[in-house]
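Taking it in order: structure first as structure tokens, then the write-up.
The values are calculated or read from the model by the stated rules, or taken from the named source; none is laboratory data. This is a predicted model, so every value here is computed, not measured. Positions of Cβ are generated from backbone atoms using ideal geometry, with glycine treated the same way; all protein chains shown enter the neighbour counts. Heavy atoms of the whole protein, side chains included, go into the accessibility calculation; ligands, DNA and RNA do not. Shrake-Rupley method; radii C 1.70, N 1.55, O 1.52, S 1.80 Å.
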Amino acid sequence: MDGIITEIMRFSLKDGPGIRTTVFMKGCNMECKWCHNPETLSMRPQLMHYPALCIGCGACVGGADLIEVCTHGAIVADAAGGIILDRAKCVACGACADKCFSGALVISGVTMSVEEVMAEVVQDIDYYTNSGGGLTIGGGEPACQPEFMYELLKAAKAAGIQTAIETNMLADWGVYEKALPYLDLVMLDIKHSDDAEHTKWTGVGNAKLQENIRKITDIKPTIIRVPVIPGVNDDAGEIANIAQIVKGLKNIVSIELLLYNPLGESKYAALGMEHDFKGARPSGASLADALQAAAQAAGVPVKIG
């Protein structure tokens, strides 16, 4: 069983309790305009280009033997010692990235087997045990690669490792139901309480996912994560609306208000993608305190992240 992985992050402290290894899977069924991991949206491998890291060695173009690295003609040298990338010709084969040791060219999306992923995950099993941590599968959206998600969760449980997923809950309920025997914790997003606004900013409505949220919180401990996005949901009224939804759910560990992360801007540029939230910055301390208070007024535990 193989999956497409963008990153395996060891010693993660922000993707569930304790010390964790987070496996970021490629592909998502939403198109959130603020997404800070745009490299996980597509199911296909993609070439990321960071010109500032280029040292002008020319290895990605061709060596002294004049053998062309890119057989598709997507990369040529420019007069300034860098490269010109023609994305229309690029097939993300990774040949150029294999030659680039400076990190200016990187392939996002590597095919790995469950065994290969678990070989990394089990290295930190003592840390998981001592900290209450474990494996978190995120993305992207792990439910976009459901069979790989199941097998990875099974393998972790067989190794005695606690498991969690980070999900938007948009897949069919059966996808999540099949994973339940191998899940210890669910971390899920609520992005907006209003269906029309949810559609505007993510490309899909929220009726289906809210139904799934009610089902899964009846069964599993759940952390609700609310990305706080400037101009989308960063007002006390909307956060209070979300808190009221959460108040009626079972098995809630906490709400986490996740302030907007601007670090994704460089990824959009590296992928050649437009970014609707370019220049946006996280909510200030006073607003963050007001949003936390609005959620706490509903009587649910709230954290700022």
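Across region 218-234, a minimum of one residue is classified as more than 30 Å from Val117 (Cβ to Cβ), of a type in the set (A, V, I, L, M, F, W, C) and assigned to a loop (DSSP other than H, G, I, E, B). Could you tell me whether Ala77 is in contact with a helix residue (DSSP H, G or I) (Cβ under 7 Å, 6 or more places away or on another chain) and either surrounded by fewer than 16 Cβ atoms within 10 Å (Cβ to Cβ) or polar (S, T, N, Q) (or both)? No, not satisfied.
In the set Lys303, Lys278, Lys247, only one residue is open to solvent by 30 Å² or more (accessible area, probe 1.4 Å), under 30 Å from Ala97 (Cβ atoms) and not hydroxyl-bearing (Ser, Thr, Tyr); that residue is Lys278.
Applying the set (1) among the small types (Gly, Ala, Ser); (2) free of Cβ contacts under 8 Å to residues at least 24 places away in the same chain; (3) closer than 29 Å to Leu47 by Cβ to Gly264 leaves exactly one unmet item: (2).
Residue-wise test of (1) of a type in the set (Val, Ile, Thr); (2) assigned to a loop (DSSP other than H, G, I, E, B); (3) modelled with pLDDT of 95 or more.
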| position | (1), (2), (3) |
| --- | --- |
| Ala79 | no, yes, no |
| Val106 | yes, no, yes |
| Thr129 | yes, no, yes |
| Ile137 | yes, no, yes |
| Tyr150 | no, no, yes |
| Gly160 | no, yes, yes |
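On inspection, Asn168 fails the criterion of being open to solvent by less than 50 Å² (accessible area, probe 1.4 Å) and touching a His at 6+ places or on another chain (Cβ under 6 Å).
Condition first: open to solvent by 50 Å² or more (accessible area, probe 1.4 Å) and assigned to a loop (DSSP other than H, G, I, E, B). Can you find one or more residues in region 196-206 that meet it? Yes, region 196-206 has at least one match.
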